[in-house]
Structure formats: structure tokens, C-alpha cells
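Peer 1: Can you keep this structure in mind? I'll have questions shortly.
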Amino acid sequence: MKKFNIRKVLDGLTAVSSSSSSASQTGAGKENDAVPESLQSEHFQLCKTVRHGFPHQPSSMAFDPVQKILAVGTLTGALRLFGRAGVECYCQHESGAGVIQLQFLINEGALVSALADDSIHLWNLRQKIPAILHSLKFNRERITYCHLPFQSKWLYIGTERGNIHIVNVESFTLSGYVIMWNKAIELSTKTHPGPVVHISDNPMDEGKLLIGFECGVVVLWDLKSKKADYRYNYDEAIHSVAWHHEGKQFLCSHSDGTLTTWNIRTPAKPTQIITPHGKQPKDGKKPEPCKPILKVEYKTTRAGDPFMVLSGGLSYDTVGRRACLTVMHGKSTAVLEMDFPIVDFLTLCETPYPNDFQEPYAVVVLLERDLVVIDLGQIGYPIFENPYPLSIHESPVTCCEYFADCPAELIPALYSVGSRQKRQGYSKKDWPISGGNWGQGTESYPEIIITGHADGTIKFWDASALMLQVLYKLKTAKVFERARGKEEKANADIVDEDPFAIQTLCWCPESRMLCVAGVSAHVIVYRFSKQEVATANVQLLEVRMQCELSDVDSPDATGEQTPTQASSVPSSPQDGEPPATDSTQPSAGGNGSNSSADGPRDNIPCLQVRSSPLKQSPGYQVELVVQLVWVSGEPPQQITSLAINSSYGLVVFGNSNGLAVVDYLQKTLLLNLGTSELYSPSEPNQRQPCSPRKARQPSGALCDSNDGPNAAEERCKSPNSVKYKSRRFSKTVANDFARMSRKISSSNDQKPNPAWRSMSSRKRFYHTHSGAPTSTRKSVKLVFPTANSDHNMNSKDVSFIRSRSSSMTSVDRESREAVCALCFCETFPKKSSDGAPSPCVLVGTTQGSVMLVALSLPPGDDHRLMQPVGISSCGTVARLKGGILTMALLDAAGAVLPASYEPWYDPNASDEEKEKEKSRWRRPASPPSSQEGHDSQFAVLCSEKQAKVLAMPSQTRVHKHNITESSFVLRADVVQMGSGNCIACFCANGHIMTLSLPSLRPLLDVNYLPLTDMRIARTFCFSNLGQALYLTSPTEVQRITYSQETCDNLQEMLSELFTPVETPEAPNKGFFKGLFGGGAQSLDREDLFGETASGKASRSLAQHIPGPGNMEGMKGAASGVVGDLARARVALDERGQKLGELEERTAAMMASAESFSKHAHDMMLKYKDKKWYQL
């Protein structure tokens, strides 16, 4: 991957785009250039850290019974290795080919992987980041099966042609010894036996190799004599083979759902044929065929009956039944249903030796979307509680947020309430996959990840120290009634499915306040409590946000819009408050008078809040539900931005229709404005709504939404209400225009939203459902000054919004200005402010406008619930290219000004405890007041195209930087590093960049990850201290760091997979077996497969590729099996040399003896006929 990193070259320099200041910049702006910045480019480096979650598209699995490490391969070429809780590792094959099989070199810290591209790889697991040591690519044959005997360096590889090749794991070279399919089968066989589906050696005789072919033929091959001892034939195809540990019998699973047991010395017919799930006919006929048994394992025990574990084999009449794992033990048969299809399973045994009693204790079942471990030692076969974070995808992730350096007490508090949610009935034994060791990292700050899901659940995760563990799970769907009938489901409003899906969320770690926005245009406010409470009625607030067409003839014409002048809404209920709620109001799925049966659906929310009492367990409990309602037959727009502030007691949210501010303490709507109404009427940046047609004049005010739009227009014309002078389309034209727009608008990541409507001035309506009397709901002052005002902010935007779409019409682009970023802060509402900062809300739009809304809070806590909150729009602060993504405030020294917050207290505690907690309420130190002519704050604004820094309160531009021209920024956050602050950006072209603050100097620019999936854009998020994450697949979260310090300490922080463990002793032969030779027979495979005995393999058959493993990995491997085998080979060579010398001396002695014998024989012949006296 090509990386582009702007390093020290740019330190101390300022790019032209980032250093350009306005010509009118005052002396105060020049002082801002002198703000010291501690962050430099050497503080940044980008690298991946860890990957969490369930392996996406798993395909194979292997287990090391000594190291107790589990390996899982996927169809995308990924390897995931698991040890004890918190020990995980991810590595990837460069080719990306699917993993078809994995084989551990048991207790040697090495793993062999076979891929679908006919290559095999040797991984070194003795280093924290595994690396490939060797690779072998087959050119002419396709790999179908691999087998590596325990404590052997020779790997058997079966191919699609039916041949078996042998690879030396030490050197990763092919042996000249090849088992050809035509020699393995009978010569009289006229058809090809098919691919090799099984290879294994006899547990008691390493010289006998069992070969299974797909057609149903099994061959017992003698490696020494190079011929087949026995051949076993069956009519049905074979899927797997399993040995009895004594090596006298083996078991085969077939495609017709049968299991055949064979005696190795009686190949004529199987000794037993059973169909585990077949119906046995009474007349003795053959059972009905069943589905194939894909895998079977046969494990023996010393004290009882053997275990037979198999997958598949169900009867064909079980249509729709879920996948099952069958455990047969003695006379009992247990069928265990799984939630997802079974990919593979392994039986975990006490011993790694195949010729000993296996003593199985658990079964690891790899499913398509889960990993299950079954306890074989307890009655009922309970499952173990999984310690890995594999439930991220339990429901699809729709949004994600990352919080680093959280308050220390948060994780224990979440864990304490989450521990009560755990299921019961798990096995009481410890998790059996317990290998590896945790890392020894020095970073110990608390980290929390929050994920929102399609079913409305929210999960809190402890992400500290590169681990991930679920803390607490919140189900937001409990607040609503669920659609039960087909008619109710057919009336779904915004989305056809997943109506409770989480769109965005906002969380305050200090106050523990949580605010959630869903796709059905609903907002839920939660408080955290450690006590259980029963809520009689859920507090509900319904908001009517609509957008109408203005009176402009042409998109290019300029029109006049009479702004709302400063006026006061009466506080008496009879003047401005809606009447009491009618209990008979129809729900979203009902057939009331407001439904489409009598006309356009109007004033109806998309979801119906439950009417029955809600029991709320300890944890997050509902404070308020806000729902947007239908307007004249059009569903509400989805919420695009959200912010909450516990110190002010306010929630603010926006969508393509405008902005709404809700007081969740008083349960009232404070503000409901269109985006165009936030502009000051005299400022040049104001955007007039455009429309090609003229329209009628509406009026709008606070009214009851139960009476429909016509009644609302007539009844709500109070003398003291706020009015507008504007016109709109007729209802028919507006509906036609909306239908046309729905056809041409689309979304890249989710279903098209049918709620598009044309822009215009706004009508403001709200409707409340509350247990409190309506007279307690206070009104609010709306003030719109004519002068430009200023504002800044410091919280993060949690939404992903693009400001334009290729499918939008020109009218839509010009007029549909959505609110896409929000932030509470304390700043100066006017340019001439010379006092202390005051509470404000910064509002960013998709057209690049940043506007300021000032808040006026009642003095003192005692008056907060009695007096209304004042709100005034202060106009535009700045304009940027592209939609606004994030905004923040810095003090004069360049430090981030945190938002004010209310420290957490338990809302259900006693009054004494509440008062004790409230006495500790505090807010962060208020920003310094501004002296006349001097700026004391910086406003940091970042959009999809550029970033700006403004001096406050003068609102003069200090720095500007164009981030990208050809692409756009997907996510931007102002983050705190160890010694400073910066802006972190992720662009659609894959670049990750950081900019210094406040000078906006480029510090990092790396081409990391091109946007290939909208899932990445939706879930990518930055956090403080140089951390970030995104959803790399539907089931996995990838964490990365852009901190040089973290990269330097990464090796120490990562967990270790390999730990020194002694291999168990081999089973004893026993006295009689040793005396009569009945024990296991060993085989010197070097004599058979070595180059001396078998010759060299064909070079064109496979290509050896040295791996990129570093020297550390090579040394680690050298200390393992490879080094031991190499030393053994040298010793054998020395022994052979000495034997050769001995053989030569023996031959010389034999020659001398023969010569002596010949001479002696000649002398005997010479003198045998002579008398003694003739000598």
C-alpha cells in the first residue's frame, strides 16, 4: 500500500492555504499566530493495532491441544487466532484466497494454511505479529485435503486428481515420493475415484496411510512397500473418516446420511451400517436416505462409552429445521440445534497422541456467524460462556462511537449493571481455549466503545488495553409497541424493516446522560441509575417539523422573506399551550381518523410508545421520548445531528427540515425552526428558499397537532403567536413534486427516504404526552437580532452526512439545507462582547454555514424547573465549502475548552443522597472573559472540504486550510493527544490526515483505506490519544492508531500466542505389548521421503516462495521443530558417514578373509593326495 506521510519537511512551515489570513485581520490575529504548538509530525504514525469480532465468512478451523490455541480461517484469506480471554490475533494472506484447511505443528508455535489458490503457507506464531516463513504454490494440481501427523515434519497433500504429494515442512520442498491414484485403486476400476477427501495414518502404525476418495473408495496404503494393503468400497460418496485409537477400526460418513464402520482386515463389507437420523422400516428394508453427514469424529474414553460427534445427517422431511450437531454417547443420542449453519467442528481431547484414549471434554462448533463450545462432561451438554467479543454483529451495527480516557468509575458502574443481564445455564467449567499471555502495555487509560444496532440495541464495550469486552446492553425498542399483525407491518412509515435502528447517538461520560436518535425520527433521552424503577407512563413529546415551498418564481430569482421579529409567546396554558392529550389518538399502525383511509396521514408518529407500565432495570432508564410526526401525508425526515448537555438540561437535534431544541427537564419543546430562519435577515450569507411555483400564504404557531393541519391553521392564529408572511404550493402540486423527488433521490447506504419535500418557511407545532399537567410546560422567547453575531463550540458530531448527492435536483441542492453538526459550548454571542462567555449552540449545515444560537438559562438551580429557557438566533459565524462535520472551541493557549456538564447522580436515590451529590455539582472553569479589542478564544470549524480557525469574539479568520479538492472528508474530530490538540480527518479517497491547532499545519497524511463500503463511512470514528476504529466487515471492528507513541509500544501491548509448554509424555506400551510387539509402530519417514530414497520432485509441479518473516521469526522457528529436525538431520548424516567408514573396513576384512581362504584351499588341494612321507 502506497503511503504518503508529510513529515519533518513541513514542520515549522505553514501551507499557503492554512496560513492565509484576511487582510483585515487585527493585531489580535497576529498574536494568535504566536500560540505555541507542541505537536509535530514525529508524534504521528499510522498502524493497525487489533481486530475484534467474529471472523467474517469463516471456512476452516484448527486447534493446538497443547498450546490450547484456536485458529479460524476465512474465505477472504484472513486468519484469526484465539487464546484465553483477551488474547486475539489477526493476520492476512496477501493473495486474499479462501482458507480451505489449517494444520497446527502441535506445541511448536507454527501453523500450516492451505488456500483455495492451491498454495500452502507456514506461519510462525512465536512472534507477536505472526509472519509467513515459507510458501509453496502448486501449478498443475488443486489442493483438496492436508494432513500433518503429530510430531512429524512431513505434510501429506491430497489433490483433486486423486494424487498425494508429500512436503517437507522444514524446507517446504516437495518429496519425490508420490502416491498416484491409479496405483492406489484397483486396476479393474474403470472410473476415476475423484478428489482426495481424507488422509490419515493408522494410530498404531505410522507406515499405514488411510486415503479416502470422494467416490466412496478407501485405501489403506503401505508406505514402505508402496502398494495398497486393503481397499474398502461403498456405494455412497465419502465426506469424512475417523479412526478408533487402537487402529483396528475406522468410521466413514456418507452422503446418504449413513455411518459405516470398517475392520481394517475385512475390506469386503462394513461391520456396521447405521443411519443416526433415519427412520427404521419395520419390514427390515433399508432406511430412507437422509441428508449427508458432513463430518464425524470418534473419540474413546477409559471409563465409559466412546463419543461419536457428527454434523448433518438429518432427515429430508425436516424442512426448515436449523442446523444440528449430534452427540452419540452409548445408548443416548443428543441433537443440539444451532442458530446458524455449521462450518466445522472439532472435539477437544486431553491428549495429543492419536494412539491413546482420547478423553474428549468439549466440542468447538464454528458456525457461519458464531462460535459455540459445548461441554461434554456435564449432563445436558451445556455451552461455555464465550469470553470473546463475538457478538458485535448480533444485530447489524448502524453507528459507532469511541471514547478514550473516560472517567475511571464508568467501566465498573457499567459492568455492575451489565452483569445482571447475563444468561444463566452456562457450564461451570473454565473456558477450555486458554493459551497465550496478555500484553504488558504501559497505557492503562479507560476506553469505551458504543455500538448502535439495527434492532434498536446499544452495546457498551470495555476497550481498554487493546481488549474488548461487553459491559452493558440497552434495548431501546422496549419503549415502543411492536407491530404484531401483517396490517401493522404494512403501515411502516420510514423504513420497511428495522424501524428501531439507531441512527446516531450522543453520550456524556461525565454525567452519564445518553441521547439516541432512531431511523423512525425518534429521540430518546436516558439517565443512568443503579436502582430499578417502574415507570407508569413514558414521557412523550411529539414535534411537527415541516418544510413548505416559498413564493419565488425561479431558482435564480431573489425573494423577500419577512423574518420573525422578537416576540414573546404567552406562558399561560390557555393562550399558547395545547390542550390535554386525547387518549384515543391513533398510533402509527392504527386506522384512526388521521390515517390514509380518510385522507393524508397527519400528526401521527412513526412508532407507538407503549402504554403499559415499563419496568426499567438498573442501568439506563428512559427520561423522555421525542417523536417527529407525519405532516400532510409525508413522513418526517430522519434526524441527522444530535447533541445533549446535562448542565443545561437541553437536547438539540436537526434534520433536513431544520432545528429543534427540547428541554428534557421541563419536557417541553423550546425551538422548532427551519434552517433558513436561523440566518439573520440582513446578513449576506442568508439563503432564500427557492421554488419554481407560487404558493399560498400559511401561518403557523404553537398548536395542538391532534386537529389536523386545517384546524391548526385556523385555531392557532393567536394574537400573541409568531406569524410568517409567505406562500406555498397547493397540496396537490406539493404531493406531485414530492412523489417526483422520491423517484430520483437515493442513498448509497440505506433505503431511499420517501420523506423528501420542498423547502419553504416553517410552521412550528408541538404536541406533548406527559404525566405532568400541561400548565407546567413553559413557553420560550424567540429573538432574531439583525446584526451578525458570533459563536463557537466544542463537542463532536456523531453523524455522517454528505452535503450533496448526484441524484438531487437543482432545487433540492439550493433549498434543502440540513442541519448536520451541533455543539453546546460557552462563548461570546456577539462580535462586540466584552463580558463573560454565555451558553450557546453552534449549528452547522450541509451548505457550509455555521450559525450561533444563544441560550439564556434561568439563574440558579431552584428556578431551572420553573422558568423558561430563553433562546435567540445570532446569525452566521462563518461559511465553509462542503457540509460541516465538527466544531470546537480553544482557549487563548490552544487548549480545548470542554463542554460544561453536570456530574452524575442517581436520579432514583433518596433526597439526602441527591442533595449530597448535587452539592458536588460543578462546571468546568468558565472561559476567560474577553477584554475589549482582544480575542480570548478560537473557534475550530471543519467541513467536508476545508478547515478554518476563527478568533472569538471578533470572528476574524486566523487560519484556513483546504483539506481536499478532488474528494471529501467523511469524518473529522477535534482530538486531544498527549501534549496537544489536532484535527483528525478521514477522507473518502482513503487518506487519514491530522492538522495542528490552531495553525492547521499538516502533520500526517497517509493513504490508508479507500472507501469501498459505506459501512466504513458510517462507523469510522476518531478518539482522543491517537485512537480510531471502523467496522471493517459486518462482524469485525478494526482498531488503528495514529500516535507514534502507541506504535512504539505496540509490541509490548500485543498479546503472546506461544508460551513454552512441555509436550505430554507418550502413552506407555505396557509390558505385554512391548514384549510381543503390540504397541505403536514407528516409521523413519526420512528414509522413505528423503531425497536419497525418493529422488527429487518435478520442479514444474510447485514453486517455493520464501516468506517475508523477519529474523526474529526465523530464530524463533529455528528454536522449534525446524531447528530440532535440522540438528537431527546433521546427526543422522554424521552417523551415516561413520557407518559408511565401518562398512568399508568390514568389506576390506571380508576380502582379506576370502584371500586367506583361497590360499588355504589351494594348499589343501596340493597336498591332499600325498603321503606324509612324500612331503
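The values are calculated or read from the model by the stated rules, or taken from the named source; none is laboratory data. Computed from a prediction, not measured in an experiment: that's the story for all the values here. All Cβ positions, glycine included, derive from the backbone under ideal geometry; neighbour counts span all protein chains shown. Areas reflect the complete protein model, heavy atoms only, side chains present, ligands, DNA and RNA absent. Shrake-Rupley method; radii C 1.70, N 1.55, O 1.52, S 1.80 Å.
Peer 1: Name the single residue, out of those in the stretch 977-1020 being closer than 22 Å to GLU401 by Cβ and among the hydroxyl-bearing types (Ser, Thr, Tyr), that is surrounded by the most Cβ atoms within 10 Å (Cβ to Cβ).
Peer 2: Ranking the qualifying residues of the stretch 977-1020, first place goes to THR994.
Peer 1: Checking VAL343 against (1) among the aliphatic types (A, V, I, L, M); (2) farther than 26 Å from PRO203 by Cβ; (3) surrounded by fewer than 20 Cβ atoms within 10 Å (Cβ to Cβ), which single condition isn't satisfied?
Peer 2: The single condition VAL343 does not satisfy is (3).
Listed here are the residues, each with its yes/no results for (1) among the basic types (Lys, Arg); (2) under 17 Å from HIS239 (Cα atoms).
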{"residue": "TYR316", "(1), (2)": "no, no"}
{"residue": "ARG322", "(1), (2)": "yes, no"}
{"residue": "SER332", "(1), (2)": "no, no"}
{"residue": "ASP344", "(1), (2)": "no, yes"}
{"residue": "CYS349", "(1), (2)": "no, no"}
{"residue": "GLN358", "(1), (2)": "no, no"}
{"residue": "VAL363", "(1), (2)": "no, no"}
{"residue": "ARG369", "(1), (2)": "yes, no"}
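Peer 1: Go through the stretch 849-884 and give me each residue that's among the hydrophobic types (A, V, I, L, M, F, W, C) and open to solvent by 20 Å² or more (accessible area, probe 1.4 Å).
Peer 2: Selection gives LEU857, LEU865, MET866.
Peer 1: Taking the stretch 1030-1049, which residues are within 21 Å of the chain's Cα centre (by Cα) and either within 18 Å of TYR90 (Cα to Cα) or at pLDDT below 95 (or both)?
Peer 2: Within the stretch 1030-1049, TYR1030, LEU1031, THR1032, SER1033, PRO1034, THR1035, GLU1036, VAL1037, GLN1038, ARG1039, ILE1040, THR1041 qualify.
Peer 1: Another question, then. Yes or no: the stretch 361-377 includes at least one residue that is over 18 Å from the mean Cα position of the chain (by Cα) and either part of a loop (DSSP other than H, G, I, E, B) or at positive phi (or both).
Peer 2: yes
Peer 1: I would also like to ask the following. When you check ALA925 against the structure, is it at pLDDT 90 or above and either of a type in the set (Gly, Ala, Ser) or part of a helix (DSSP H, G or I) (or both), yes or no?
Peer 2: no
Peer 1: All but one of (1) over 30 Å from ASN1049 (Cα atoms); (2) surrounded by fewer than 18 Cβ atoms within 10 Å (Cβ to Cβ) hold for TYR415, so report the exception by its number.
Peer 2: (1)
Peer 1: Among the residues of the stretch 812-833, is there at least one that is closer than 28 Å to PRO953 by Cβ, outside any strand (DSSP E or B), at pLDDT below 50 and open to solvent by 10 Å² or more (accessible area, probe 1.4 Å)?
Peer 2: no
Peer 1: Right, something else. Tally time: how many residues in the stretch 942-970 are touching a Gly at 6+ places or on another chain (Cβ under 7 Å) and of a type in the set (A, V, I, L, M, F, W, C)?
Peer 2: 3
Peer 1: Can ALA465 be described as open to solvent by 10 Å² or more (accessible area, probe 1.4 Å), over 30 Å from PHE82 (Cβ atoms) and modelled with pLDDT under 95?
Peer 2: So ALA465 fails the test.
Peer 1: Taking the conditions exactly as written (in contact with a strand residue (DSSP E or B) (Cβ under 8 Å, 6 or more places away or on another chain) and within 20 Å of LEU187 (Cα to Cα)), does ASP229 satisfy them or not?
Peer 2: Considered against the rule, which asks whether it is in contact with a strand residue (DSSP E or B) (Cβ under 8 Å, 6 or more places away or on another chain) and within 20 Å of LEU187 (Cα to Cα), ASP229 comes out as yes.
Peer 1: All but one of (1) within 42 Å of the chain's Cα centre (by Cα); (2) over 28 Å from SER1094 (Cα atoms) hold for GLU236; state the number of the condition that does not hold.
Peer 2: With (1) within 42 Å of the chain's Cα centre (by Cα); (2) over 28 Å from SER1094 (Cα atoms) applied to GLU236, the lone miss is (1).
Peer 1: Return the residues of the stretch 423-471 that are within 23 Å of CYS1047 (Cβ to Cβ) and out of contact with any strand residue (DSSP E or B) (no Cβ under 7 Å at 6 or more places or on another chain); say none if nothing qualifies.
Peer 2: TRP438, GLY439, GLN440, GLY441, THR442, GLU443, SER444, PRO446, ALA465, MET467
Peer 1: Could you look through the stretch 944-958, keep only residues that are at pLDDT below 95, open to solvent by 10 Å² or more (accessible area, probe 1.4 Å) and not in a strand (DSSP E or B), and pick out the one that is nearest to THR886 (Cα to Cα)?
Peer 2: That would be GLN955.
Peer 1: It is to be established whether one or more residues within the stretch 1085-1102 are under 30 Å from CYS349 (Cβ atoms), at pLDDT 75 or above and among the charged types (D, E, K, R).
Peer 2: yes
Peer 1: Out of all the residues in the stretch 183-196, is one or more modelled with pLDDT of 95 or more and open to solvent by 10 Å² or more (accessible area, probe 1.4 Å)?
Peer 2: yes
Peer 1: To continue, here is another question. Considering each residue of the stretch 1021-1042, count those that are more than 15 Å from PHE403 (Cβ to Cβ) and in contact with a strand residue (DSSP E or B) (Cβ under 7 Å, 6 or more places away or on another chain), and give that number.
Peer 2: Looking only at that region, the number is 9.
Peer 1: Here's something else I'd like to know. So which residues in the stretch 266-306 are over 22 Å from VAL218 (Cβ atoms) and either open to solvent by 50 Å² or more (accessible area, probe 1.4 Å) or touching a Leu at 6+ places or on another chain (Cβ under 9 Å) (or both), if there are any at all?
Peer 2: Passing the criteria: HIS277, LYS279, GLN280, LYS282, ASP283, GLY284, LYS285, GLU288, ARG302, ALA303, ASP305.
Peer 1: Where in the stretch 200-312 are there strands (runs of 3 or more DSSP E), lying wholly inside it, with at least 1 residues that are among the aliphatic types (A, V, I, L, M) and without any contact (Cβ under 8 Å) to a residue 24 or more places away in the chain?
Peer 2: 272-274
Peer 1: Restrict the check to the stretch 963-975 and report whether at least one residue is more than 27 Å from the chain's Cα centre (by Cα) and not in a loop (DSSP other than H, G, I, E, B).
Peer 2: Within the stretch 963-975, none of the residues are more than 27 Å from the chain's Cα centre (by Cα) and not in a loop (DSSP other than H, G, I, E, B).
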